[in-house]
1. Taking the range 1-81, which trypsin sites (Lys or Arg not before Pro) meet the DSSP loop condition and have no more than 15 other C-beta atoms within 10 Å?
2. Below 30 Å Cα-Cα, how many Lys pairs turn up in the range 1-128? Only count pairs eight or more apart in sequence, or on different chains, if you could.
3. Pick out which of Gln83, Gln135, Gln145 has the largest mean-square fluctuation in a Gaussian network model of the chain, springs linking Cα atoms closer than 10 Å.
4. Springs between alpha-carbon pairs under 10 angstrom, Gaussian network model over the chain: which of Leu108, Leu49, Leu92 fluctuates most?
5. Note the full-extension length gain between Tyr136 and Ile203 as 0.36 nm times their separation in residues minus their Cα-Cα distance, in nm to one decimal.
6. Please turn the phi angles of the range 149-160 into ³J(HN,Hα) values with the Karplus equation 6.51 cos²θ - 1.76 cosθ + 1.60 (θ = phi - 60°), one per residue in order, whole Hz, x for glycine and proline.
7. Would you mind checking which residues have amide H under 5 Å from Tyr44's amide H? H placed 1.01 Å from N; only 5 or more apart, or other chain.
8. If you put +1 on each Lys and Arg Cβ and -1 on each Asp and Glu Cβ, how big is the dipole of the chain around its Cα centre, in Debye rounded to 20?
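Since every read-out is calculated from the coordinates, none of them should be taken as a lab result. Just so you know, these numbers come straight off a predicted model, no measurement behind them. Here the Cβ is made from the backbone with ideal geometry for all residues, glycine too, and neighbour counts use every protein chain on show.
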Amino acid sequence: MFQLIDGVKIVFTPLSIKNLQDRVLLNSGTQKANNLINDEFIYYNNEALIPQESWRKATELEEKILFSNQFAQEAEFWVSIIQLPQEIKNHLKMLKDVKEPRKLQFVLEDKNVINGIKLTQDFINTFCNPELSSQYGIGWNAPNQITVTTGKDNYKVGLHIDNHLEFPRHRILINLGSECRYFLFINLSITQIYDLVSKYHNIANKDNLGRTGLAIMFMELFPNYPVIKLRVNPGEAYIANTEHIIHDGSTKGTHHLDIFFTMRSIFNFKIDKF
Ligand SMILES: [Fe+2]
């Protein structure tokens, strides 16, 4: 199966960047990480899967399947990229110069940066329900990583679905580094994945299998199903329901530390707010 199925949409919200189409690349599927990565410093779980490096632009038909002009809150399976206001970016620009992880804490204690983080939270609160928001986190990833997420054992997990915590929320992740980073995902909801996998396997209970277990079954059954790579420039954020879609971040091709702000919430872009 190498044709996109109609599923999770990339949506334009009132805060979205223009020309979202220019940010999208597709590939020809997934592959076993351990067949490829043989690096002294990068270890993947045995079963981990990563995207193939065969990136190309979307066709017209694929764009029709992937993009939606209408932001519908009830359709909770969507992905978007939004822009941080310039004033906030100015406050946070010191973070772009962090070259080593141990310097990050030092910069986070700068008055201007503290102010910038506060303004970031205020900005996010204009399009989310603050009562349903998680704590924010600021972190880093090494440059030039095909996928960035590691498990408890420090082994990379590859493309995965986040654990379902309390209730389903979207994740926002702001790129505060100096280079582009990427959001990798498969445009199918966990329900679509479950339906496709259960045609071939007898899965009595998807919760016993684990979300990532189901994701791996899907990618092993359909290794040619395209992965989508969304470019997130410095000062931009992606929003995605990472508890319901197969995904990971990527810093492939970069040279400097990836610095990010992230939190989870229920986002709602009501036009009349803007
Ligand atoms: Fe994740």
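1. Lys18
2. Step by step, the pairs that qualify in the range 1-128 add up to 28.
3. Result for the chain, Cα springs under 10 Å: Gln135 fluctuates most.
4. Of Leu108, Leu49, Leu92, the Gaussian network model singles out Leu108 as fluctuating most.
5. My answer for the length gained is 20.6 nm.
6. With the stated coefficients, the range 149-160 comes to 6, 10, x, 4, 8, 6, 7, 5, 9, x, 4, 7 Hz.
7. Counting only residues 5 or more places away or on other chains, the set is Lys156.
8. So the dipole magnitude of the chain works out to roughly 420 debye.
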